[in-house]
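The structure appears right after this line, and notes come after that.
The values are calculated or read from the model by the stated rules, or taken from the named source; none is laboratory data. Remember, it's a predicted structure, so these values are computed and weren't measured experimentally. Glycine gets a Cβ as well: all are built from the backbone with ideal geometry, and neighbour counts include every protein chain shown.
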Amino acid sequence: MFGEGSKRSFRFWAIMGSLSMTGLLSSIEGTIITSALPTITEALGGGNLYIWVPNAYFLASIATLPLYAQISDIFGRRWPFLCAVLIFILGSGLSGGSHSMGMLIASRTIQGLGGGGIQLLVETVIADLVPLRERGIFVALTMVAATFGAAIGPFIGGLIAERTTWRWVFYLNLPIGGVSFALLFSFLRLNYQRDQSWKSRLRRIDLTGNAIFIGSMVSVLIALTWGGVIYEWSQYQVIIPLVLGFVGLGGFLAFEWTICKKPSFPRVVLSNRTSAAAFVLTLIHSLCTYWAFYFLPIYFQSVKGQMPFISGVDTLPIFAGIIPFAMIGGWLLARWGRYRPLHLAGWATMTVAYGLLSLLNQYSSTAAWVCFQLLLAAGSGLLAGILLPALQAPLDESLMALATGIWSFGRGFGSVWGVTIPSAVFNNECRLHAENTISNPELVHNLSGGRAYEFATATYVNSISDPVSRQQVIQVFARALQTVWYVAVAFAGLGFLITFIEKEIKLRDKLETKYGIEEKEKTREDTGQSA
């Protein structure tokens, strides 16, 4: 199953266990805040600033990915990884101790600075230790803990907010982070180039390019955070930062690919059609996956009338189903060595699954929504661990960290759009259907002006005393969700078509890297050398 698994040392498996624990640390933080956010907002106030509590984390984690990738190439994987965990722990402690919304947002930004490095370096270390052909299954193995963390995050957050103080949503990371740091400190010792001075290393960091990238990402995410929540999408407060952000990203690529001598986003990574296609597929895959993560609960709450905890239980088929199918995808890639047929199968399955989700309504059976979720989990899971090997297949092993950083950016950026696009579609469709379906002017007002997502809860639906009006509101939500799933079909179908651009490249089954496990003899020899 693992090729040369019998030759792998105890330290190899200890590192893999450490990566799984650390992946759990960052993934649970991405979702645990969702259930506890209303309680936190009530305790700290801050008005509309609450939307920055989750988004500050995602902003910081995405914006620093190229910088982490380049630093890990220059200084090795060990110390950037350990620093990322420490920064994450620091941000968690400060978040738990926050006494104002402004302090919490700043602390969440610190958390994100660590979380982005953790997510990137988990995949980077796997690339250092595992041949390309086997990477899919090891990515899937480390994803088990991460997916489990993402799935139970909302339950833990809701339980903490209900039974104890919300501060434990963040304090919980301290013991988990401490264990992760101890494991990484003990086992994560990898080779890297030691014959350079600190001055020469610092000169290799692309400070200008990263400054442009970070500024552009901040501008884009400000627009996405404000759009439809604080301001209408058509207002200049949203349009200007969005345009400036995309112009900045274009300027970043122009700088990296023409002027910069040591780019953090080298053109060579995406200069071939296979890597470029795999990057776009990664973005679309993340978009389509988060699309379901965020809007299946809306279906269960606003259409089926389930409370948040029960809706979380009802979405377990997709969360739990992704894990085994990701492992199956990685195993098939290791056995077969061909990623393109698996990509086609995954995208075809996702396209069909989203088409079936569009059939769901208030009266759909449990068997229907369970099977449709499992089908979507099969397609998404099959692709989860095998997109990165496809991107890396045409590239030299020396580019693995930078390629992983670019891939991680595509995954993170796609997740942002996977929430933004369906939210905009849902709000717009609710406005259109409300005007034609609902007779109560107050209810029409509530579901218009970009506020429908806010009211798509069982609590709101059940608060409508008139049975006729309540049924009309449910119909509006059901029809709006139907369009949401239709648009998802288009994105999944686009992924299927882009797969034909890829070229099938033989995956290397031998490891060629400068960052392999450091032997004890090597460690003693290098004791006197500069770090």
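Below, the figures for the structure above:
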quantity: Cβ-Cβ under 8 Å pairs, at least 6 apart or on other chains, the range 96-121 side part of a helix (DSSP H, G or I) and modelled with pLDDT of 90 or more, far side among the hydroxyl-bearing types (S, T, Y) and surrounded by fewer than 23 Cβ atoms within 10 Å (Cβ to Cβ); calculated: G96/Y171; L104/S98; S107/S98
quantity: Residues of the range 439-456 that turn out to be more than 32 Å from the chain's Cα centre (by Cα) and within 19 Å of Y299 (Cβ to Cβ), as a count; calculated: 0
quantity: Among (1) out of contact with any Pro (no Cβ under 9 Å at 6 or more places or on another chain); (2) within 30 Å of R201 (Cα to Cα); (3) modelled with pLDDT under 90, the one test that G251 misses; calculated: (3)
quantity: A292 being under 28 Å from Q70 (Cα atoms), at pLDDT 90 or above and either part of a helix (DSSP H, G or I) or of a type in the set (K, R) (or both); calculated: no
quantity: Tally of residues being assigned to a loop (DSSP other than H, G, I, E, B) and among the acidic types (D, E) across the range 447-491; calculated: 1
quantity: Residues of the range 303-327 satisfying the condition of being without any contact (Cβ under 8 Å) to a residue 60 or more places away in the chain and among the aliphatic types (A, V, I, L, M); calculated: I310, V313
quantity: Selection count, the range 41-69, where residues are at pLDDT 80 or above, farther than 20 Å from L224 by Cα and surrounded by fewer than 24 Cβ atoms within 10 Å (Cβ to Cβ); calculated: 2
quantity: Tally of residues being among the hydrophobic types (A, V, I, L, M, F, W, C) and crowded, with 16+ Cβ neighbours inside 10 Å across the range 353-373; calculated: 6
quantity: Any chance V468 is touching a helix residue (DSSP H, G or I) at 6+ places or on another chain (Cβ under 7 Å) and not aromatic (F, W, Y); calculated: no
quantity: Residue within the range 117-127 that is under 22 Å from F413 (Cβ atoms) and of a type in the set (S, T, N, Q) present; calculated: yes
quantity: L90 vs. criteria at pLDDT below 90 and touching a Ser or Thr at 6+ places or on another chain (Cβ under 9 Å); calculated: no
quantity: Pair list, Cβ < 9 Å and 6+ apart or interchain, from the range 392-417 residues that are more than 14 Å from S275 (Cα to Cα) to residues that are surrounded by fewer than 22 Cβ atoms within 10 Å (Cβ to Cβ) and among the basic types (K, R); calculated: S398/K514
quantity: Flag for F413 being modelled with pLDDT under 90 and among the aromatic types (F, W, Y); calculated: yes
quantity: Matching residues, the range 449-476, being among the basic types (K, R) and under 30 Å from S234 (Cα atoms); calculated: R451
quantity: Any pair with Cβ under 6 angstrom, 6 or more apart, that starts in the range 242-271 at a residue that is in a helix (DSSP H, G or I) and ends at one that is of a type in the set (D, E, K, R); calculated: W257/R267
